[in-house]
Amino acid sequence: SSMTVTVKTLVQSKQAEAAQTTQYTATNCKTVIDKFTATNTSAANVTLSINLVASGGAAGVDNRIVYSNATATNETYTFPELVGQVLEPGGFISAIASAATALTIRASGREIT
């Protein structure tokens, strides 16, 4: 059986929530994260934590890949620690910002089926 690779937007541009929120789930596929950005459009520094969680799991300290990364006003951070990370089927990306309506996040990658 041959593999199909689909390049796609994993998280469409949106403002990160100030509560732990699932942003993307690898549904019936494996997913490679190629790019994840956060742009601070607010007037203060804002932090973002990101979890890569296995299928059936819950976001917690055991799967927090990025911990309270601070992004300054009008700056963008590109999260090199997420590039190339693989989500197995059912795995998901979860994130939480220190303030709502402050960070615009976006992620792109490849789904492999």
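The values are calculated or read from the model by the stated rules, or taken from the named source; none is laboratory data. The model shown is predicted, which means the values in this text are computed figures rather than measured ones. Every residue, glycine as well, gets a Cβ built from its backbone with ideal geometry; the counts of neighbours run over all protein chains shown. What goes into the accessible areas is simple: the full protein's heavy atoms, side chains included, and nothing from ligands, DNA or RNA. Shrake-Rupley method; radii C 1.70, N 1.55, O 1.52, S 1.80 Å.
Criterion first (touching a Leu at 6+ places or on another chain (Cβ under 7 Å) and more than 15 Å from Thr104 (Cβ to Cβ)) does Ile33 satisfy it? Walk me through it before giving the result.
Values: touching a Leu at 6+ places or on another chain (Cβ under 7 Å): yes; more than 15 Å from Thr104 (Cβ to Cβ): yes.
Spelling it out, Ile33 is indeed touching a Leu at 6+ places or on another chain (Cβ under 7 Å) and more than 15 Å from Thr104 (Cβ to Cβ).
Within segment 65-79, work out how many residues are open to solvent by 20 Å² or more (accessible area, probe 1.4 Å) and either in a strand (DSSP E or B) or modelled with pLDDT under 95 (or both).
7
Being at pLDDT 95 or above, under 21 Å from Lys30 (Cβ atoms) and either among the acidic types (Asp, Glu) or surrounded by 13 or more Cβ atoms within 10 Å (Cβ to Cβ) (or both) is the requirement here; does Ala102 meet it?
On the way: at pLDDT 95 or above: yes; under 21 Å from Lys30 (Cβ atoms): no; either among the acidic types (Asp, Glu) or surrounded by 13 or more Cβ atoms within 10 Å (Cβ to Cβ) (or both): yes.
No, not satisfied.
So if I check each of Ile33, Ile50, which one is buried (at least 21 other Cβ atoms within 10 Å of the Cβ), in contact (Cβ under 8 Å) with a residue 60 or more places away in the chain and not in a loop (DSSP other than H, G, I, E, B)?
Only one candidate passes the filter, namely Ile33.
So, in segment 54-64, exactly how many residues are farther than 21 Å from Tyr77 by Cβ and buried (at least 16 other Cβ atoms within 10 Å of the Cβ)?
The qualifying residues number 0.
Can you pull out the residues in segment 1-30 that are modelled with pLDDT under 95 and either assigned to a strand (DSSP E or B) or of a type outside the set (S, T, N, Q) (or both)?
Step one: filter segment 1-30 for residues modelled with pLDDT under 95, giving 1-3.
Listed by number, the list holds a single entry, Met3.
Do the conditions hold for Ile96, that is, is it open to solvent by 30 Å² or more (accessible area, probe 1.4 Å) and either part of a strand (DSSP E or B) or of a type in the set (Phe, Trp, Tyr) (or both)?
Values: open to solvent by 30 Å² or more (accessible area, probe 1.4 Å): yes; either part of a strand (DSSP E or B) or of a type in the set (Phe, Trp, Tyr) (or both): yes.
Considered against the rule, which asks whether it is open to solvent by 30 Å² or more (accessible area, probe 1.4 Å) and either part of a strand (DSSP E or B) or of a type in the set (Phe, Trp, Tyr) (or both), Ile96 comes out as yes.
Do the conditions hold for Leu103, that is, is it over 30 Å from Thr4 (Cβ atoms), in contact (Cβ under 8 Å) with a residue 60 or more places away in the chain and not hydroxyl-bearing (Ser, Thr, Tyr)?
Criteria met by Leu103.
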